[in-house]
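A short worksheet on the structure shown next.
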Amino acid sequence: MTTRFADSSVLVTGGGSGIGRAIALAFAAEGARVAVAGRSAAPLAETVELIERAGGKAVALTGDVTDSRDAARLVRETVEQFGALDVAVNNAGVFAAPGPIADIDEAEWQRLFDTNVTGTLFAMKHQIGHMRANGGGAIVNVSSNLGVHRRMEGAGAYVTSKAAVTALTRSAARDHIADGVRINLVSPGPVATDMSTRAGESEAEKAERMKAEVPVGRAGAVAEIAAAVLYLASPEAGYTVGADLVLDGGVTA
Ligand SMILES: NC(=O)c1ccc[n+]([C@@H]2O[C@H](COP(=O)([O-])OP(=O)(O)OC[C@H]3O[C@@H](n4cnc5c(N)ncnc54)[C@H](OP(=O)(O)O)[C@@H]3O)[C@@H](O)[C@H]2O)c1
């Protein structure tokens with residue numbers, strides 16, 4: 001175990017699966033106490049078990065980031081459990097491709113905005129509120145290369161929501177660096193989780209599609225995204241504020 005985050009208390013939203021779980025495991029492996037949050041208890045408990053089995057310290061907190069009271073409670077409970085909140089990673093998000101703009105499913109548009117944009121806002125609002133009153137901290141948000149960097153047919157709702165996440169994150173970075181809260185984001189391309197699998201697509205078909213779509217010839221590994229998040233959250237990135245780190249195997253190079 002290395003100790004880059006020894007004595008740090010970290011909150012990861014969407015920590016029960018995929019990229020968020022990998023981020024939680026990576027922080028714990030570097031000495032952090034990690035609170036993982038999401039709506040479903042069972043996957044969060046699995047993440048906690050994986051961390052504890054590896055000798056780390058973690059707690060599962062159920063909550064929905066689209067509810068501001070839940071977002072506030074997640075901060076409060078992390079502090080109650082671990083005595084502090086030093087780092088927050090806002091990774092909770094949903095993907096859908098609810099059709100071309102003229103035919104868009106309006107309820108899906110709203111769901112994507114509620115979770116990806118408003119959920120990130122509520123989470124950050126309460127995290128920053130705590131951090132600025134308690135000596136500062138670092139926040140890393142998980143956006144996407146779909147958004148500011150790239151668009152996709154039929155996925156305008158997701159693309160627009162992630163462009164908003166990017167703008168929101170960079171706005172917060174400017175607003176709150178003077179408060180001692182350092183805020184950055186990562187913009188992954190396709191990563192090897194269920195979210196990047198198309199309906200009805202087999203693993204072999206997905207691998208072929210990745211070979212064609214991604215210059216490095218594969219989807220990103222969750223650990224590759226986690227490594228970048230840990231860097232941005234670490235003191236080594238002290239001069240990095242409002243950065244948008246694109247991790248997409250060259251898709252938008
Ligand atoms: N996989 C990719 O190719 C890719 C590429 C670029 C960006 N991303 C972004 O990376 C992030 C993680 O994606 P992933 O691939 O790891 O997908 P995932 O496994 O579906 O993870 C999403 C997580 O967010 C949680 N979540 C969703 N809505 C929530 C809410 N309202 N409140 C609290 N938690 C909520 C989910 O848990 P519950 O359902 O239990 O709440 C789940 O653990 C997302 O923001 C996604 O947009 C993914």
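The values are calculated or read from the model by the stated rules, or taken from the named source; none is laboratory data. It should be emphasised that the depicted structure is a prediction, and the values quoted were computed from it without experimental measurement. All Cβ positions, glycine included, derive from the backbone under ideal geometry; neighbour counts span all protein chains shown.
Observations on the model:
- One residue alone among Lys162, Lys125 is closer than 26 Å to Val59 by Cα and either at pLDDT below 95 or among the basic types (Lys, Arg) (or both), and that residue is Lys125.
- In the range 177-187, the residues that are buried (at least 21 other Cβ atoms within 10 Å of the Cβ), within 17 Å of Arg132 (Cβ to Cβ) and of a type outside the set (D, E, K, R): Val181, Ile183, Asn184
- Some residue of the range 6-15 being under 15 Å from Ala92 (Cα atoms), within 13 Å of the ligand (Cβ to nearest atom), assigned to a helix (DSSP H, G or I) and among the aliphatic types (A, V, I, L, M): no
- The C-beta contact set for the range 31-49 (first residue farther than 16 Å from Val89 by Cβ and in a loop (DSSP other than H, G, I, E, B), second residue of a type in the set (S, T, N, Q) and within 14 Å of the ligand (Cβ to nearest atom), distance under 8 angstrom, 6+ apart or interchain) comprises Arg39/Thr62; Ser40/Thr62.
- Across the range 92-108, not a single residue is classified as under 27 Å from Gly129 (Cβ atoms) and either among the aromatic types (Phe, Trp, Tyr) or more than 10 Å from the ligand (Cβ to nearest atom) (or both).
- Scanning the range 132-158 for residues that are among the hydrophobic types (A, V, I, L, M, F, W, C), surrounded by 21 or more Cβ atoms within 10 Å (Cβ to Cβ) and assigned to a helix (DSSP H, G or I) gives a single hit, Ala157.
- Inter-residue pairs, beta-carbon under 7 Å, first under 15 Å from Leu61 (Cβ atoms) and surrounded by 24 or more Cβ atoms within 10 Å (Cβ to Cβ) and in the range 6-23, second among the hydroxyl-bearing types (Ser, Thr, Tyr) and at pLDDT 95 or above, 6+ apart: Leu11/Thr78; Gly15/Thr47; Gly16/Ser40; Gly16/Thr47; Gly20/Thr13; Arg21/Thr47
- Which listed residue is in contact (Cβ under 8 Å) with a residue 12 or more places away in the chain, over 20 Å from the mean Cα position of the chain (by Cα), within 20 Å of Met152 (Cα to Cα) and in a helix (DSSP H, G or I), from Met195, Met210: Met210
- Subset tally (residues that are within 19 Å of the chain's Cα centre (by Cα) and of a type outside the set (S, T, N, Q)) for the range 78-89: 5
- Enumeration of residues in the range 166-189 that are within 16 Å of the ligand (Cβ to nearest atom) and either hydroxyl-bearing (Ser, Thr, Tyr) or in contact (Cβ under 8 Å) with a residue 60 or more places away in the chain (or both): Thr166, Thr169, Asn184, Leu185, Val186, Ser187, Pro188, Gly189
- For the range 109-147, the candidate set comprises residues that are of a type in the set (A, V, I, L, M), within 13 Å of the ligand (Cβ to nearest atom) and out of contact with any strand residue (DSSP E or B) (no Cβ under 8 Å at 6 or more places or on another chain); within that set, the residue that is nearest to Asp67 (Cα to Cα) is Leu121.
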